[in-house]
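Step one of this worksheet: look at the structure below.
The values are calculated or read from the model by the stated rules, or taken from the named source; none is laboratory data. Keep in mind the model is a prediction, meaning the values are calculated, not measured. FYI the Cβ positions are ideal-geometry reconstructions off the backbone, even for glycines, and counts take in every protein chain you see. Note: accessible area is taken over every heavy atom of the protein model, side chains too, but ligands, DNA and RNA are not part of it. Shrake-Rupley method; radii C 1.70, N 1.55, O 1.52, S 1.80 Å.
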Amino acid sequence: MKLPDRHGQTARPDPRALPPPTAEEQAHSTRLQQRLREEIAARGGSISFARFMELALYAPGLGYYAAGKHKFGAPGDFITAPEMGSLFARCLARPCRSILAQLGGGDILEAGAGSGALAADLLLELEALGRLPERYLILELSNELRDRQAETLRRQAPHLLEHIHWLDTLPGSFRAMVLATELLDAMPVERLRIAEDAVRQLHVAWQNDRFCWQEKPADEAIRRRIEPLALPPGYTSEINLQAEAWVRSVADILEQGAMLLVDYGFPRAEFYHPQRSDGTLMCHYRHRAHDNPLALVGLQDVTTHVDFTAIAEAGAGAGLSPLGYTSQAAFLIGCGLEQLMSASDPEDVRAHLELTQQVKKLTSPHEMGELYKVIALGHGVQDPLPGFAGHDRRGRL
């Protein structure tokens, strides 16, 4: 059976049916297992799933995003929109140009820049549109990914390197367009299960030579969010408090500008839908998807869908206004996708075919077009952003 890459369809094979790791990969995973076991022992026998996910993805030198494993594109574990070609970035250049024009300058900050493909293509398109940012800031914690981003930019846009600045933390107060593509889904989440009498929080323990789930009473912040939903016993799901905190932290320093977030997810009513009773957590390993985050630690991506209602509420609570919310397909079409496509030369068969394939992947309801959403939150900007005029779904949040 062909399994999806990182687009969220349900595909839950036994992890034992996945391609076996190499000896080198297994040794790496064993080292991270030991790091996790030490943490579990130090915390009295279990750790929250959020902490487990944080270490599995970001433990220095060992976590999935902190080690050297190739993650993006055909050789990796999943494909993101910017890796497919330049079309996605060229569309995003339109709302970026709009915000930079309203600011009379300003910066672009990209959080979690992957391979650097979006940064390179976006800067090249903004150059063509005559609206380069004063600075292109990349917030990236992984030194290995920084090196890949620098290599991509040197190869594709060497004359624009002077605009690039890498950051370890969010800057001070600034005026900018903030971009995050498939960032929130990789932030550590808490897992929860509804018991007959209470909300239970899922922790991770080590027993019988493997990681296992362990239930604990849920923290107050989780109960306060989940109890009003009246979910039935047995319902299992997630809550991404770190993503909400990240939105608030960006809002605190955004003197003027907007935040544009692209990710897969739903408004809250759909996120906690009765048919989604097993939650949205999904793991990705060599372009195969499964739902066991306790296996292959350090070798696989672990993600969950985004509750966009929570993101909008976090922004509003920090003083950001919702500027738009829609599907990726509607957003890209509103950003001039069809015009960019029509401007291509059909006589150049190979290039035209590549563009056609990008359009299908980015906009088809069975691919990324509907499951992926785009939300914009802003402060001190008035003009409507390109991408939302034709099909704004803010009323569904």
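Things to note:
- Qualifying positions in the stretch 283-310 - in a helix (DSSP H, G or I) and within 13 Å of the chain's Cα centre (by Cα): PHE308
- Considered as a group, the residues in the stretch 153-183 that are closer than 23 Å to GLY85 by Cα and touching a residue at least 60 places away in the same chain (Cβ under 8 Å) include one that is farthest from the chain's Cα centre (by Cα), and that residue is MET177.
- Residue count, the stretch 92-112 (criterion: within 12 Å of LEU122 (Cα to Cα) and assigned to a helix (DSSP H, G or I)): 6
- Looking only at the stretch 251-282, residues that are β-branched (Val, Ile, Thr) and part of a loop (DSSP other than H, G, I, E, B) come to 1 in all.
- Of all residue pairs spaced 6 or more apart or on separate chains, those with beta-carbon atoms under 6 Å, a first member in the stretch 326-337 that is closer than 14 Å to GLU370 by Cα and touching a residue at least 12 places away in the same chain (Cβ under 8 Å) and a second member that is among the hydroxyl-bearing types (Ser, Thr, Tyr) and assigned to a strand (DSSP E or B) are GLN328/TYR372.
- Some residue of the stretch 33-55 being at pLDDT below 95 and of a type outside the set (A, V, I, L, M, F, W, C): no
- Positions within the stretch 326-337 being open to solvent by less than 40 Å² (accessible area, probe 1.4 Å) and of a type outside the set (Phe, Trp, Tyr), in sequence order: THR326, SER327, GLN328, ALA329, ALA330, LEU332, CYS335, GLY336, LEU337
- Per-region count, the stretch 127-152, residues surrounded by fewer than 18 Cβ atoms within 10 Å (Cβ to Cβ), part of a helix (DSSP H, G or I), charged (D, E, K, R) and in contact (Cβ under 8 Å) with a residue 12 or more places away in the chain: 4
- Restricting attention to the stretch 158-185, the residues that are out of contact with any His (no Cβ under 7 Å at 6 or more places or on another chain) and more than 27 Å from GLN256 (Cβ to Cβ) total 2.
- Residue match in the stretch 190-205 (condition: outside any strand (DSSP E or B), out of contact with any strand residue (DSSP E or B) (no Cβ under 8 Å at 6 or more places or on another chain), of a type outside the set (Val, Ile, Thr) and without any contact (Cβ under 8 Å) to a residue 12 or more places away in the chain): yes
- Test: residue in the stretch 74-89 that is at pLDDT 95 or above and touching an Asp or Glu at 6+ places or on another chain (Cβ under 6 Å): yes
- Out of LEU323, LEU340, LEU355, sole residue that is open to solvent by less than 80 Å² (accessible area, probe 1.4 Å) and outside any helix (DSSP H, G or I): LEU323
- In the set (1) over 21 Å from LEU385 (Cα atoms); (2) modelled with pLDDT of 95 or more; (3) open to solvent by less than 30 Å² (accessible area, probe 1.4 Å), the condition left unmet by PRO267 is number (1).
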